[in-house]
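Asker: There's a structure below that I have some questions on.
The values are calculated or read from the model by the stated rules, or taken from the named source; none is laboratory data. Quantities reported herein were computed from a predicted structural model and do not represent experimental measurements. FYI the Cβ positions are ideal-geometry reconstructions off the backbone, even for glycines, and counts take in every protein chain you see. Protein only, heavy atoms only, side chains kept; ligands, DNA and RNA dropped before computing areas. Shrake-Rupley method; radii C 1.70, N 1.55, O 1.52, S 1.80 Å.
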Amino acid sequence: MPGRPLSIALFSDSALPILNGVSVSIDGLMKGLREQGHSVHLFCSGFPGHHEQDPNVHRFGALLTPFAKGYPLSVPPFYPMLREFRKHRFDVIHTHTPFTVGMVGLRWAESHEIPIVSTYHTLYDKYAHYIPVLPKRYTRYKIAKHTNFYYNNVDHVITPSDASSRWLQRHNIRTPISVVPTGIPVAKSLNQASIRAKLGARPDQKVMLYVGRIAVEKNLSLLFQAAAQVMRDDPRTLLWVVGDGPARETYRRMASDLGIGDRCRFFGFVPREKVDPYLAAADLFVFPSMTETQGLVVMEAMSYGLPSVVVHAGGAGDAVCDGRNGLLVSNDSAMMSGAIKRLLSDESLYNHLSEHATIDAREYSLPNMVRRITDIYHSAMGEPASVKAGIHVL
């Protein structure tokens, strides 16, 4: 019956200490499931130099490649881990990537007749440029073919947004799909004034904040062009960039070339548990990416009362209700800069968006996510799910 403790195996090519939306989502899911009394094991890629503290995390041997720095690739043989897997008599397998480790999870689910659920986290075809040895069009075709194969061979697919579910439907995924946004932790109570002083922002300055990977697919050129337009009209404004990635130096040079280098600050990689002070200290959140399946970091910013200016493409804008908790703009620097300037100059609008951002973020709590996902587990196992789960099934 629903509610009984389950034994769950998660599989992912990407997991902490890699910091991205997939790893953050998995970390939150593991914590939430364990808090509800479920047993959770994670099978994932090894990470050179990382010393694992969780005895239920099992890492396959992995190598770093020149194609995706910081993202180790699991390599065979995988069967030595099979003995560990068989010890636990798992009720359900939940994969989070469709590639090497995800394929191991699929094969072991099939060979052990275990129900399998998979979350489609990422619009993988948007990352084809990381495989430079093959033509981009061919790479996208192969990714689409593999996506179709993989997600049509699991029992249930979870997506974090309507945008990603529509992508799967366009690619002929026939498996039942449920939209379950990733849960976010409760915002911490932090002293904004002291954090701002520590980070070098005066009380009269306005801080625009971006948190995420610094890479070309994140559309950051648009953000820097928009920031330059804002800064020309408002000398109080600053841009903080929290994160790292292969294009960091490219965008540092862009900031300098645009004449805003003295008002941009690149903080580099910040561990997930230390991002909250930046969210608490900022005045608004800016997010130009068009490749997200969801805007997890947008939702986290909302929990701190930050209005967001977000490019309305992909899944990042799903959490933003235009004019209620943030502003949605097209992929245009003038549109983005205009929205930012409007927010910074209209105190009434700013306060309205900030208030509703805080209210709306509560919808994305970790307990809500875990309740919905455990209902999907039971459904995949052929057991009845809760009628109160609020799952959007396509």
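Asker: In Å and from the alpha-carbon atoms only, list the Rg and Dmax of the chain.
Answerer: 21.2, 64
Asker: Just going by the charge dipole of the chain, with Lys and Arg at +1 and Asp and Glu at -1 on Cβ, which of Gly183, Trp108, Gly200 is farthest out on the positive end?
Answerer: Trp108
Asker: Of all the accessible heavy-atom surface of the chain, with the other protein chains kept in place and a 1.4 Å probe, what percent is carbon and sulfur?
Answerer: Its accessible area is 53 percent carbon and sulfur atoms.
Asker: A follow-up question, please. Ratio of region 41-86's C-alpha Rg to 2.2 N^0.38 Å, to two decimals?
Answerer: Output field value: 1.19.
Asker: If you don't mind, there's one more thing I want to ask. Need one number: the % of Cα-Cα pairs in region 269-321 sitting beyond the 17 Å mark. Mind dumping the intermediate values first?
Answerer: Details: 459 of 1378 pairs.
Of the Cα pairs, 33 percent sit more than 17 Å apart.
Asker: Could you provide, to the nearest whole Å², the per residue accessible area of the chain with probe 1.4 Å?
Answerer: 44 Å²
Asker: Using the Cα centre as the reference, give the magnitude of the dipole from point charges on the C-beta atoms of region 218-320 (Lys, Arg: +1; Asp, Glu: -1; all else neutral), rounded to the nearest 20 debye.
Answerer: Charge dipole of region 218-320: 260 debye, to the nearest 20.
Asker: Also, quick follow-up: Simple spin-label model, 7 Å along Cα-to-Cβ: Tyr141 to Asn191 in nm?
Answerer: 6.2 nm
Asker: In addition: Just from the alpha-carbon atoms, what are the Rg and Dmax of region 215-301 in angstroms?
Answerer: In Å, with Rg to one decimal and Dmax whole: 12.8, 35.
Asker: Would you please state the base-10 log of I(q)/I(0) at q = 0.21 1/Å for region 32-181, with intensities from the Debye formula using one equal scatterer on every alpha carbon?
Answerer: Evaluating at q = 0.21 Å⁻¹ gives log10 I(q)/I(0) of -1.49.
Asker: Just the projected area, averaged over all directions, of the convex hull on the alpha carbon atoms of region 1-116: how many nm²?
Answerer: 7.4 nm²
Asker: Taking region 189-257 on its own, what percent of its Cα-Cα pair distances exceed 17 Å?
Answerer: Percent of Cα pairs beyond 17 Å in region 189-257: 48.
Asker: Taking θ = phi - 60°, what integer Hz values does the Karplus form 6.51 cos²θ - 1.76 cosθ + 1.60 yield along region 346-354, in sequence order, with x for Gly and Pro?
Answerer: Result, ordered by residue: 10, 5, 5, 5, 4, 5, 4, 5, 4 Hz.
Asker: Still on this structure, please answer the following. If packing is taken as the average count of other Cβ atoms within 10 Å, what order do 155-163, 367-375 fall into, highest mean first? Show your work: numbers first, answer last.
Answerer: Values: 155-163: 22.9, 367-375: 20.4.
With the highest mean Cβ count within 10 Å placed first, the list reads 155-163, 367-375.
Asker: Rank Gly28, Val57, Pro307 by how far each Cα sits towards the positive end of the charge dipole of the chain (+1 on Lys, Arg Cβ; -1 on Asp, Glu Cβ) and give me just the farthest.
Answerer: Val57
Asker: Now a separate question. Using the Karplus curve 6.51 cos²θ - 1.76 cosθ + 1.60 with θ = phi - 60°, what ³J(HN,Hα) values do you get for each residue of region 233-245, in whole Hz, with x for Gly and Pro?
Answerer: 8, 9, x, 7, 7, 10, 10, 9, 10, 10, x, 9, x
Asker: For the pairs Lys69/Lys198; Lys31/Lys274; Lys69/Lys145; Lys198/Lys341, flag any whose C-alpha to C-alpha distance is greater than 22 Å.
Answerer: Lys69/Lys198; Lys69/Lys145; Lys198/Lys341
Asker: Rounded to the nearest 500 deg cm²/dmol, what is the calculated helix-only ellipticity per residue at 222 nm for the chain, with -39500 (n - 2.57) per DSSP H run of length n ≥ 4?
Answerer: On the way: 13 runs with 147 residues, N = 394.
Calculated at 222 nm, the ellipticity per residue is -11500 deg cm²/dmol.
Asker: At what distance in nm do the modelled label points of Glu84 and Lys31 sit from each other, each positioned 7 Å from its Cα along Cα→Cβ?
Answerer: Once both label points are built, they end up 2.3 nm from each other.
Asker: Additional query: Grab the Cα-Cα distance for Arg324 and His112, subtract it from 0.36 nm times how many residues apart they are, and report the gain in nm with one decimal.
Answerer: Gain on stretching Arg324 to His112: 71.5 nm.
Asker: To continue, here is another question. Given 10 Å bins starting at zero, what is the percent of C-alpha pairs of region 303-364 in each, up to the one with the largest pair distance?
Answerer: Result, from short to long distances: 25, 54, 20, 0 percent.
Asker: Net charge near Phe266: determine it from the other residues with C-beta under 10 Å of the C-beta of Phe266, scoring Lys and Arg +1 and Asp and Glu -1. Please list the in-between numbers first.
Answerer: Numbers: positive: Arg248, Arg252, Arg265; negative: Asp244, Glu249.
Net charge around Phe266: +1.
Asker: Right, another one. Taking the alpha-carbon centroid of each part, what is the distance from region 198-222 to region 229-269 in angstrom?
Answerer: After rounding, the separation between the Cα centres reads 7 Å.
Asker: Compute the normalised compactness of region 234-349: alpha-carbon radius of gyration over 2.2 N^0.38 Å, N being the residue count. Let's see the in-between values first.
Answerer: Values: Rg = 14.0 Å, N = 116, 2.2 N^0.38 = 13.4 Å.
Relative to the rule-of-thumb radius for its length, region 234-349 sits at 1.05.
Asker: Which whole-number percent is the relative contact order of the chain (Cα, under 8 Å, 6+ apart)?
Answerer: Averaging sequence separation for qualifying contacts and normalising by length gives 16 percent for the chain.
Asker: Tell me which aspartates and glutamates have Cα within less than 12 Å of Lys188's Cα, excluding those fewer than 8 residues away on the same chain?
Answerer: Glu273, Asp276, Glu300
Asker: From the phi of every residue in region 42-49, what ³J(HN,Hα) in whole Hz does the Karplus formula 6.51 cos²θ - 1.76 cosθ + 1.60 yield, where θ is phi - 60° and glycine or proline is x?
Answerer: Rounded to whole hertz, the list is 10, 10, 8, 5, x, 9, x, x.
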